[in-house]
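Remarks on the structure that follows.
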Amino acid sequence: MPRRKKTFACGHRGYGQSCQHCAQIESAKAESLRILTEKQQQKLAWKSRFDDDPIDLRELPEYVVLKAREILAALRDRQDYRDFGGKRLRHDRQIISIPVTRNYRMICQDTGTAVVPQAVVSHEDYNVCKPRA
Ligand SMILES: [Zn+2]
């Protein structure tokens, strides 16, 4: 006996006990909801991590934030700033500038006992505050 299409309560026609069309829509909805929630959670997790940073990194691009955190962690472990290409400023030997990326520098203050991160600034901002040679 040939299988016959039937009309489900939803109005779709098909074979089987329940509407495959609606089942597909439901699972697609569930999947997109799952992805959305995951993304929201990642976003929240990403935001909350800024509270743990010793300096404010909120305004920076993501790849700069990640690189800056690597340096912050290394400094916290008392790794030498020179390992990252950091240099003392010529006009102020207490200030250390560490390249984060091509366009960003981490400015640190040498207190004599520790290298304390102050801020991450873009190359342009950094050049503005640097007096002319
Ligand atoms: Zn249906």
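The values are calculated or read from the model by the stated rules, or taken from the named source; none is laboratory data. Computed from a predicted model, the values in this text were never measured in an experiment. All Cβ positions, glycine included, derive from the backbone under ideal geometry; neighbour counts span all protein chains shown. Only protein heavy atoms, including side chains, enter the accessible area calculation; ligands, DNA and RNA are left aside. Shrake-Rupley method; radii C 1.70, N 1.55, O 1.52, S 1.80 Å.
Some observations on this one:
- Only listed residue being over 15 Å from the mean Cα position of the chain (by Cα), assigned by TED's automatic domain parsing to the domain that holds Thr113, more than 13 Å from the ligand (Cβ to nearest atom) and free of Cβ contacts under 8 Å to residues at least 24 places away in the same chain, chosen from Arg4, Arg34, Arg76: Arg76
- Put simply, of Arg34, Arg58, Arg78 the only residue that is charged (D, E, K, R) and either touching a Leu at 6+ places or on another chain (Cβ under 9 Å) or farther than 24 Å from Val116 by Cβ (or both) is Arg34.
- Test: Leu75 is open to solvent by 50 Å² or more (accessible area, probe 1.4 Å) and in a helix (DSSP H, G or I): no
- Some residue of segment 11-30 being away from the ligand (no atom under 16 Å from the Cβ) and polar (S, T, N, Q): no
- Among the residues of segment 84-113, those that are touching a residue at least 24 places away in the same chain (Cβ under 8 Å), of a type in the set (A, V, I, L, M, F, W, C) and not in a strand (DSSP E or B) comprise Leu89, Val100.
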